[in-house]
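Participant: To start, I am sharing the structure in question, which I have written as C-alpha cells.
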Amino acid sequence: MKQPLQTWRNWMMGRAAIPALLIATLIAATPASAAEACKLLTAAELEPVAGKLSPFKSNLAIPDAQMCTAKGPKGTVMLRWARRKKDQKAGSAETQSVEVAREMGAKVEVKKFGPITCSTFIPPQSMKQAAPNTTCSVTKGDEVAAVEITARNPKDMVSIDRLRPLAEKLAARF
C-alpha cells in the first residue's frame, strides 16, 4: 500500500486549484441532458459571498463531467457536475481523501445537511501547492454537483454557513 504522503501527492498532482475533498471525478457516461455546470449558480448569486467575479469559463465539458470557474478578488469559484460510476459507492473516495488529508496535517471540517455535504480544507505549511477551500456538494442518485470557493489564504475563506445556502439553490437546478 502506498504511503499517505505519496497517495496525497498523486491525488493533488495537477489539481493545485482543485483540492476537492468531497467530489472525486470518478464518473461514467452521461446522457446529453446532464446539467450544465456553469448554469448551476449565477455570478449574481455568488458575488455576495465571493466578491465580484470574472465571467465563468468552462474548464471541462465532456459527457460525464462538467466544470467551470470564475476568479474573484480573494480566490476562485468552481462549479462542478459529474455522474458517478455505477460501481462507485457514494462517499467512498471522499472519505478516503479526507482521511489522507488529515494524516498529512490538513485541517478538515465536514458537515452534512441531508443530501448536502460541506467541508473546509486548510492545508498544512508542507503542502504549499494546495489552497484552502470551502466546498458544498449535493448528491442526487448517481449525480453529484458542487460549488467550491478556493481562497488565496485561510483568512479569506468562506464559511460553510455562508456557502450552504448556495448549495441549496444548486440542488434545485440539476
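Participant: Are any residues in region 142-152 at pLDDT 90 or above, more than 21 Å from Ala43 (Cβ to Cβ) and of a type outside the set (A, V, I, L, M, F, W, C), and if so, which ones?
Facilitator: The initial filter retains those residues of region 142-152 that are at pLDDT 90 or above, namely 143-152.
Going one step further and asking which of them are more than 21 Å from Ala43 (Cβ to Cβ), we end up with 143-144.
The answer is Glu143, and nothing else.
Participant: Let me ask something else about it. Considering only residues of region 123-156 that are under 19 Å from Gly105 (Cβ atoms), outside any helix (DSSP H, G or I) and without any contact (Cβ under 8 Å) to a residue 40 or more places away in the chain, which is nearest to the chain's Cα centre (by Cα)?
Facilitator: Ranking the candidates gives Thr134 first.
Participant: Can we say Ala34 is at pLDDT 60 or above and among the aliphatic types (A, V, I, L, M)? If you could, list the steps in order and put the result at the bottom.
Facilitator: Details: at pLDDT 60 or above: no; among the aliphatic types (A, V, I, L, M): yes.
So Ala34 does not fit the description; no.
Participant: While we're looking at this one, here's another question. For Lys2, are the conditions met, namely being more than 18 Å from Asn133 (Cα to Cα), modelled with pLDDT under 50 and surrounded by fewer than 16 Cβ atoms within 10 Å (Cβ to Cβ)?
Facilitator: Details: more than 18 Å from Asn133 (Cα to Cα): yes; modelled with pLDDT under 50: yes; surrounded by fewer than 16 Cβ atoms within 10 Å (Cβ to Cβ): yes.
For Lys2, the condition - more than 18 Å from Asn133 (Cα to Cα), modelled with pLDDT under 50 and surrounded by fewer than 16 Cβ atoms within 10 Å (Cβ to Cβ) - is met.
Participant: Another question, if that's okay. Tell me, please, whether a residue that is at pLDDT 95 or above and of a type in the set (Ser, Thr, Tyr) can be found in region 156-164.
Facilitator: yes
Participant: In region 105-122, what residues are within 23 Å of Lys169 (Cβ to Cβ) and touching a residue at least 12 places away in the same chain (Cβ under 8 Å)?
Facilitator: Narrowing region 105-122 to residues within 23 Å of Lys169 (Cβ to Cβ): 109-121.
Residues satisfying the conditions are Glu109, Val110, Lys111, Phe113, Pro115, Ile116, Thr117, Cys118, Ser119, Thr120, Phe121.
Participant: Just checking, does region 93-102 include any residue being surrounded by fewer than 16 Cβ atoms within 10 Å (Cβ to Cβ) and part of a loop (DSSP other than H, G, I, E, B)? Break it down into steps so the answer makes sense when it comes.
Facilitator: Taking region 93-102 as the starting set, the residues that turn out to be surrounded by fewer than 16 Cβ atoms within 10 Å (Cβ to Cβ) are 95-96, 99, 102.
Cutting the leftovers down to part of a loop (DSSP other than H, G, I, E, B) gives us none.
No, that holds for no residue.
Participant: For Ala44, all conditions in the list (1) at pLDDT 95 or above; (2) farther than 19 Å from Pro154 by Cα; (3) in contact with a Lys or Arg (Cβ under 8 Å, 6 or more places away or on another chain) hold save one; what is the number of the exception?
Facilitator: Evaluating Ala44 over (1) at pLDDT 95 or above; (2) farther than 19 Å from Pro154 by Cα; (3) in contact with a Lys or Arg (Cβ under 8 Å, 6 or more places away or on another chain) leaves (3) as the failure.
Participant: What's the number of the condition Thr120 fails, among (1) in a loop (DSSP other than H, G, I, E, B); (2) of a type outside the set (Phe, Trp, Tyr); (3) within 16 Å of the chain's Cα centre (by Cα)?
Facilitator: Looking at each condition in turn, Thr120 falls short on (1).
Participant: Scanning region 107-140 for residues that are farther than 20 Å from Ala167 by Cα, surrounded by fewer than 21 Cβ atoms within 10 Å (Cβ to Cβ) and among the aliphatic types (A, V, I, L, M), which turns out modelled with the lowest pLDDT? Before the answer, list the steps.
Facilitator: So the first thing to find is which residues in region 107-140 are farther than 20 Å from Ala167 by Cα, and the list is 107, 122-131.
Now narrow it down to the ones that are surrounded by fewer than 21 Cβ atoms within 10 Å (Cβ to Cβ): 107, 122, 124-129.
Remaining after also requiring among the aliphatic types (A, V, I, L, M): 122, 127.
Numbers: Ile122: 94, Met127: 84.
Residue satisfying both the conditions and the ranking: Met127.
Participant: Right, another one. Any residue in region 75-104 that is closer than 17 Å to Val144 by Cα sitting within a Cβ distance under 8 Å of a residue that is among the basic types (Lys, Arg) and modelled with pLDDT under 85? List the pairs, counting only those 6 or more apart or interchain.
Facilitator: Ala90/Arg84
Participant: Please identify the pairs in which a residue from region 47-73 that is without any contact (Cβ under 8 Å) to a residue 60 or more places away in the chain and among the aliphatic types (A, V, I, L, M) has its Cβ atom under 8 Å from the Cβ atom of a residue that is assigned to a loop (DSSP other than H, G, I, E, B) and surrounded by fewer than 13 Cβ atoms within 10 Å (Cβ to Cβ), counting only partners at least 6 apart or on another chain.
Facilitator: Sorted first by the residue in region 47-73, then by its partner, the pairs are Ala70/Ser54; Ala70/Pro55.
The values are calculated or read from the model by the stated rules, or taken from the named source; none is laboratory data. For clarity, every value in this text was computed on a predicted model and none was experimentally measured. Methodologically, a virtual Cβ is constructed for each residue, glycine included, from the backbone with ideal geometry; neighbour enumeration extends over all protein chains shown.
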